[in-house]
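The numbers here are math on the coordinates, done by the rules we state, and not lab data. The structure presented is a predicted model; accordingly, all values stated were derived computationally and were not measured. Here Cβ is always computed from backbone atoms with ideal geometry, including for glycine, and neighbour counts include all displayed protein chains.
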């Protein structure tokens with residue numbers, strides 16, 4: 001297997017870094033209950049995902065937040081063009097368990113950005129098909 005170099009890598013020390021959104025990636029933020037269902041729908045098609053106390057953040061290609069169509073008020077696409085300057089806390093590569101800021105799906109040479117269209121489709125299905133016993137907002 002050939003390992004390709006990534007254009008960006010998470011912090012390697014022990015501290016969280018605040019990274020400006022829009023240069024290396026945009027993000028889509030969703031509540032964890034919807035995010036978990038979307039993850040199951042995406043399967044191996046998901047890229048890296050950051051999780052933090054009830055929220056999940058997918059890394060998507062820079063510029064895609066600009067054209068993101070809103071699904072619900074609690075699912076947001078964040079990118080430089082959409083909201084001005086936005087920062088996201090990024091955990092060190094070794095933080096892979098929560099509940100605090102961690103990599104729900106760690107990034108690597110074969111798992112980096114999620115396709116924005118596939119993510120939107122999975123999130124739309126997750127919203128339309130709420131978990132058993134839950135009600136849609």
Inter-probe distance in nm under a simple model that places probes 7 Å from Cα toward Cβ, at residue 118 and residue 100: 3.2
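Helix-only mean residue ellipticity at 222 nm, the chain, DSSP H runs n ≥ 4 weighted -39,500 (n - 2.57), per residue, nearest 500. What is it?
On the way: 3 runs with 28 residues, N = 137.
That comes out to -6000 deg cm²/dmol.
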Spin-label model distance (nm) - residue 45 vs residue 70, 7 Å beyond Cα toward Cβ: 2.6
Residues residue 53 and residue 9, FRET efficiency given R0 of 25 Å [Cβ-Cβ distance, rounded to 0.05]: 0.55
Order of 119, 39, 71 under a 10 Å beta carbon neighbour criterion, fewest first: 71, 39, 119
Folded to 0 to 90 degrees: helix 116-128 orientation relative to the chain principal axis, Cα: 40
Volume in Å³ per residue [convex hull over Cα atoms, computed for the chain]: 111
Sorted by Cβ neighbour density within 10 Å, fewest at the top, the residues 8, 103: 8, 103
Degrees between helix 32-42 axis and first principal axis of the chain (Cα, 0 to 90, nearest 10): 80
